[in-house]
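**Student:** I am attaching a structure below and will ask some questions about it afterwards.
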Amino acid sequence: MPHTAPDAAPSGHIPGTRRPHGPTAVPPRVLGSLRRAAPALGGFLAVHLCGLLFLAVWAHRRHHGVWPLLATQWDADWYLGIADHGYTRELGTAYDANNLAFFPLYPVLVRAVAVLTPGSRASTGLGLAVLASFVAAWGVFAVGDRLHGRRVGVLLTVLWAALPVGLVQWMGYTESLFTAFAAWTLYAVLGGRWVWAGAGACLAGLTRPTGIALAAAVAVAALLSLRRRLSWQALAGAALAPLGWCAYVGWVGLRLGRWDGYFAVQRLWHNELDSGRETLRRLRELFGQEPRPQLFLIMVTLTMLASAVLFAVSVWDRQRLPLLVFTGALLAIVVLSGGVYFPRARFLLPGFPLLLPVARHLAHTSRRHRAFVLAAAVAGSAYCGAYMLLVWPSAP
């Protein structure tokens, strides 16, 4: 009989051949999710390339290098110092001088990956931040897509990329890593994957102080789900969620030999909750007393006010509870803090669900209107990002 080729199996596998396996194989579900997110990731990349190009041109005219701005200044320098030398063992008395204020996961990753890759730790840190930004963008799309469809997911991702301080997503900072954990944790919560959600919140709690906001979102959603059905997975997720944040705060206390060690460090940085008194004082200064407030501080203030309005709209729209708890807690921490004022727009960067009402509105407008709004957002983000790094004299 003539030899015939074996028929393909329904899954596409050819009998007699080996299926891909091992650490290099990518599950088809992940590949499908990545293909579905491709337009969003492409838009995210385009927004940041525009911002980076604008920054490069402006920096060239000012005879300034782009690399130091992105990889080695301000908080990036603190994280690189921790990766190189570890944490201090003393509380001290100097203002803005204790590195225990910075959470450990990002510098630990920088140190670990730098051992396995060529180049400096600064390049490793920036590479990790850029990679995390794409993972974050993918997660932002996944949340928007799950709730309102692909178009909203794409618009949500592009809007998040084009925030006024969006350039921070490609700096040696922790915002990209934290947003990646936040987005995929919220996605897991929406799908009822409580253990994954708890693990994501735990890692977020080792990344930034505001990880406690994500832990609250997971814990509240998991515990409320018990009203419908008793589930050990939900209990495990609720228990796991705050462990990362609590572990670092407890470790700082042990390292300094006092139960309030972490909070004592935050007091040295003037980062204490004061019921919003400092925020109100700065608002009065900007809009009532200072004749010519600085552009960057105006942008920070408008970002906070817009975030508060968008949160109110999200509540009115009856957004899903885990998203409301996360963004509400994040906004409360930022607004009610007595700490430094100028980084507050950056602190709100992980609150991407606040942009869902805007993305939903744009999804139902004309193509011309969408193009105009997105072009304006991208242009504004490029200018604000470059201004933030080249003109504003302090940290983003």
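**Student:** Does Gly86 fit the bill of being out of contact with any Asp or Glu (no Cβ under 9 Å at 6 or more places or on another chain), surrounded by 14 or more Cβ atoms within 10 Å (Cβ to Cβ) and modelled with pLDDT of 95 or more?
**Tutor:** On the way: out of contact with any Asp or Glu (no Cβ under 9 Å at 6 or more places or on another chain): yes; surrounded by 14 or more Cβ atoms within 10 Å (Cβ to Cβ): no; modelled with pLDDT of 95 or more: yes.
Taking the combined requirement at face value, the residue does not satisfy it.
**Student:** What single numbered condition from (1) touching a residue at least 60 places away in the same chain (Cβ under 8 Å); (2) part of a helix (DSSP H, G or I) fails to hold for Cys202?
**Tutor:** Against the list (1) touching a residue at least 60 places away in the same chain (Cβ under 8 Å); (2) part of a helix (DSSP H, G or I), Cys202 comes up short only on (1).
**Student:** Looking at region 330-358 only, could you name the residues that are more than 14 Å from Leu214 (Cβ to Cβ) and over 16 Å from the mean Cα position of the chain (by Cα)?
**Tutor:** Val335, Leu336, Ser337, Gly338, Gly339, Val340, Tyr341, Phe342, Pro357, Val358 - these are the residues of region 330-358 that are more than 14 Å from Leu214 (Cβ to Cβ) and over 16 Å from the mean Cα position of the chain (by Cα).
**Student:** Could I ask something else about it? Working carefully through the options Leu349, Leu355, find the one that is in contact (Cβ under 8 Å) with a residue 40 or more places away in the chain, under 22 Å from Leu167 (Cβ atoms), out of contact with any Cys (no Cβ under 6 Å at 6 or more places or on another chain) and assigned to a helix (DSSP H, G or I).
**Tutor:** Exactly one residue qualifies, and that residue is Leu355.
**Student:** Under the condition of being assigned to a helix (DSSP H, G or I) and free of Cβ contacts under 8 Å to residues at least 24 places away in the same chain, which residue from region 236-267 is nearest to Thr185 (Cα to Cα)?
**Tutor:** From region 236-267, those assigned to a helix (DSSP H, G or I) are 236-240, 243-256, 261-267; that's our starting set.
Keeping just the survivors that are free of Cβ contacts under 8 Å to residues at least 24 places away in the same chain gives 249-251, 253-254, 263, 267.
Working: Val249: 21, Gly250: 23, Trp251: 24, Gly253: 28, Leu254: 29, Phe263: 26, Arg267: 30 Å.
Per the stated criteria, the residue is Val249.
**Student:** Could you pull out the residue among Gly244, Gly205, Gly257 that is within 30 Å of Ala94 (Cβ to Cβ), surrounded by fewer than 23 Cβ atoms within 10 Å (Cβ to Cβ) and at pLDDT 95 or above? Show your work before the answer.
**Tutor:** Values: Gly244 fails: surrounded by fewer than 23 Cβ atoms within 10 Å (Cβ to Cβ); Gly205 fails: surrounded by fewer than 23 Cβ atoms within 10 Å (Cβ to Cβ).
Testing whether each residue is within 30 Å of Ala94 (Cβ to Cβ), surrounded by fewer than 23 Cβ atoms within 10 Å (Cβ to Cβ) and at pLDDT 95 or above leaves just Gly257.
**Student:** Would you tally the residues in region 268-303 being surrounded by fewer than 15 Cβ atoms within 10 Å (Cβ to Cβ), part of a helix (DSSP H, G or I) and of a type in the set (Lys, Arg)?
**Tutor:** Residues that pass the stated criteria total 3.
**Student:** Before we move on, is Tyr79 out of contact with any Gly (no Cβ under 6 Å at 6 or more places or on another chain), loosely packed, with under 11 Cβ neighbours inside 10 Å and closer than 25 Å to Phe342 by Cα?
**Tutor:** Against the criterion (out of contact with any Gly (no Cβ under 6 Å at 6 or more places or on another chain), loosely packed, with under 11 Cβ neighbours inside 10 Å and closer than 25 Å to Phe342 by Cα), Tyr79 does not qualify.
**Student:** Is it fair to say Phe342 is at pLDDT below 95 and out of contact with any Lys or Arg (no Cβ under 9 Å at 6 or more places or on another chain)?
**Tutor:** Values: at pLDDT below 95: yes; out of contact with any Lys or Arg (no Cβ under 9 Å at 6 or more places or on another chain): yes.
So Phe342 passes the test.
**Student:** Give the residues of region 148-182 that are over 24 Å from Ala382 (Cα atoms) and touching a residue at least 60 places away in the same chain (Cβ under 8 Å), sorted by residue number. Break it down into steps so the answer makes sense when it comes.
**Tutor:** To start, the set of residues in region 148-182 that are over 24 Å from Ala382 (Cα atoms) comprises 148-150, 181-182.
His148, Gly149, Arg150, Ala182 - these are the residues of region 148-182 that are over 24 Å from Ala382 (Cα atoms) and touching a residue at least 60 places away in the same chain (Cβ under 8 Å).
**Student:** In addition: Does region 384-396 contain any residue that is surrounded by fewer than 22 Cβ atoms within 10 Å (Cβ to Cβ), touching a residue at least 24 places away in the same chain (Cβ under 8 Å), of a type in the set (S, T, N, Q) and out of contact with any Lys or Arg (no Cβ under 7 Å at 6 or more places or on another chain)?
**Tutor:** Yes, region 384-396 contains at least one residue that is surrounded by fewer than 22 Cβ atoms within 10 Å (Cβ to Cβ), touching a residue at least 24 places away in the same chain (Cβ under 8 Å), of a type in the set (S, T, N, Q) and out of contact with any Lys or Arg (no Cβ under 7 Å at 6 or more places or on another chain).
**Student:** So, in region 304-318, of the ones that are in contact (Cβ under 8 Å) with a residue 24 or more places away in the chain and of a type outside the set (Phe, Trp, Tyr), which residue ends up surrounded by the fewest Cβ atoms within 10 Å (Cβ to Cβ)?
**Tutor:** The first filter runs over region 304-318 and keeps only residues in contact (Cβ under 8 Å) with a residue 24 or more places away in the chain, leaving 304, 307-308, 310-311, 313-314, 317.
With of a type outside the set (Phe, Trp, Tyr) added as a condition, the list becomes 304, 307-308, 310, 313-314, 317.
Details: Met304: 21, Ser307: 21, Ala308: 14, Leu310: 19, Val313: 15, Ser314: 20, Asp317: 11.
Only one residue fits best here, namely Asp317.
**Student:** So if I check each of Leu374, Leu321, Leu349, which one is under 25 Å from Asp145 (Cα atoms), modelled with pLDDT of 95 or more and crowded, with 22+ Cβ neighbours inside 10 Å?
**Tutor:** Leu349
**Student:** May I ask you to say which residue of Leu91, Leu105, Leu100 is touching a residue at least 60 places away in the same chain (Cβ under 8 Å), under 18 Å from Ser133 (Cβ atoms) and touching a helix residue (DSSP H, G or I) at 6+ places or on another chain (Cβ under 7 Å)? Show your work before the answer.
**Tutor:** Working: Leu91 fails: under 18 Å from Ser133 (Cβ atoms); Leu100 fails: under 18 Å from Ser133 (Cβ atoms).
Leu105 is the lone residue from the list that is touching a residue at least 60 places away in the same chain (Cβ under 8 Å), under 18 Å from Ser133 (Cβ atoms) and touching a helix residue (DSSP H, G or I) at 6+ places or on another chain (Cβ under 7 Å).
**Student:** What is the residue count in region 213-241 for residues that are surrounded by fewer than 21 Cβ atoms within 10 Å (Cβ to Cβ) and either touching a Lys or Arg at 6+ places or on another chain (Cβ under 9 Å) or not basic (Lys, Arg) (or both)?
**Tutor:** Within region 213-241, the subset surrounded by fewer than 21 Cβ atoms within 10 Å (Cβ to Cβ) is 216, 220, 223-233, 235-236, 239.
From what is left, the residues that are either touching a Lys or Arg at 6+ places or on another chain (Cβ under 9 Å) or not basic (Lys, Arg) (or both) are 216, 220, 223-226, 230-233, 235-236, 239.
Qualifying residue count, region 213-241: 13.
**Student:** What number of residues in region 187-216 are closer than 14 Å to Thr327 by Cα, over 13 Å from the mean Cα position of the chain (by Cα) and not β-branched (Val, Ile, Thr)?
**Tutor:** So the count comes out to 2.
The values are calculated or read from the model by the stated rules, or taken from the named source; none is laboratory data. Predicted model only: the values in this text are computed from it and were never measured. Glycine gets a Cβ as well: all are built from the backbone with ideal geometry, and neighbour counts include every protein chain shown.
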